Ligand code: SB7
Ligand code: NI
């Protein structure tokens, strides 16, 4: 199981690398990685276990964040009502955003990252909606449209696979500048 000590922090070159494509069928090693990436999210989103293991809660975790430069990330976006199924939950392998909405969106609270220990305030403008393609752990291909928060989280994770961190997108002169036709999420 991954703990905070396993999470690579900003400054480590692996976070700035282009990750490698994963081949199928998955090796035992890649299958374990997929499992462990999702396990972190499940454990971190359980308040008791999160506290017990001293984790930071996360809705996503990309392989480079545990030092593995491969195109794999776990995403688990809980429903607002915690008794409901997550709005999106999967390990996304070799993900590609095949289309982006013209409309932009940003989280009102900005973003954070398990690999970035300090708070970096500012809007992180992204596409409000995306069309995503990826392969799951069983080798099944997926093609789906995501909007709002799940779309933002997937963009944050896919950025990790290309060596980009959320603060790269923040306008340095004017971190809270709004553009026209931008939706604010949450
Ligand atoms: C806010 C938080 C995340 C994504 C988008 C907005 C995920 C934070 C956890 N991670 O560092 C995952 O890469
Ligand atoms: Ni991150």
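Miscellaneous remarks
- Condition check for residue 87: over 13 Å from the mean Cα position of the chain (by Cα), at pLDDT 95 or above, within 14 Å of ligand 1 (Cβ to nearest atom) and surrounded by fewer than 21 Cβ atoms within 10 Å (Cβ to Cβ): yes
- The condition of being touching a residue at least 12 places away in the same chain (Cβ under 8 Å), within 16 Å of ligand 2 (Cβ to nearest atom) and either farther than 17 Å from residue 172 by Cα or touching a helix residue (DSSP H, G or I) at 6+ places or on another chain (Cβ under 6 Å) (or both) holds for residue 111.
- The condition (being at pLDDT 95 or above and crowded, with 20+ Cβ neighbours inside 10 Å) is satisfied by just one residue among 37, 49: 37.
- The lone exception for residue 56 - which of (1) surrounded by 14 or more Cβ atoms within 10 Å (Cβ to Cβ); (2) within 25 Å of residue 80 (Cβ to Cβ) it fails: (1)
- Taking segment 149-169 as the range and being surrounded by fewer than 20 Cβ atoms within 10 Å (Cβ to Cβ) and either farther than 19 Å from residue 101 by Cα or out of contact with any strand residue (DSSP E or B) (no Cβ under 9 Å at 6 or more places or on another chain) (or both) as the test, the residues that pass are 162, 163, 164, 165, 167, 168.
- Residue within segment 76-84 that is more than 15 Å from the chain's Cα centre (by Cα), within 19 Å of residue 58 (Cα to Cα) and within 16 Å of ligand 2 (Cβ to nearest atom) present: no
- Complete set of residues in segment 131-144 that are surrounded by 14 or more Cβ atoms within 10 Å (Cβ to Cβ) and in a strand (DSSP E or B): 131, 132, 133, 134, 135
- Candidates 49, 33, filtered to the one that is free of Cβ contacts under 8 Å to residues at least 40 places away in the same chain, touching a strand residue (DSSP E or B) at 6+ places or on another chain (Cβ under 8 Å) and farther than 18 Å from residue 150 by Cα: 33
- Residues of segment 112-130 that are part of a loop (DSSP other than H, G, I, E, B) and more than 15 Å from residue 182 (Cβ to Cβ): 112, 114, 115, 117, 118, 119, 120, 121.
- Within segment 169-186, the set of residues being at pLDDT 95 or above and within 13 Å of ligand 1 (Cβ to nearest atom) comprises 169, 170.
- Set 146, 132, 161: member being under 15 Å from the mean Cα position of the chain (by Cα), more than 14 Å from ligand 1 (Cβ to nearest atom) and at negative phi: 132
- Test for residue 157: is it within 30 Å of residue 28 (Cα to Cα) and within 16 Å of ligand 2 (Cβ to nearest atom): yes
- Selection status of residue 64, within 16 Å of ligand 2 (Cβ to nearest atom), touching a residue at least 60 places away in the same chain (Cβ under 8 Å) and either over 27 Å from residue 9 (Cβ atoms) or not in a strand (DSSP E or B) (or both): yes
The values are calculated or read from the model by the stated rules, or taken from the named source; none is laboratory data. Everything numeric in this text was worked out from a predicted model, so none of it was measured. Quick reminder, even Gly has a Cβ in these numbers, built from the backbone with ideal geometry, and neighbours come from all protein chains shown.
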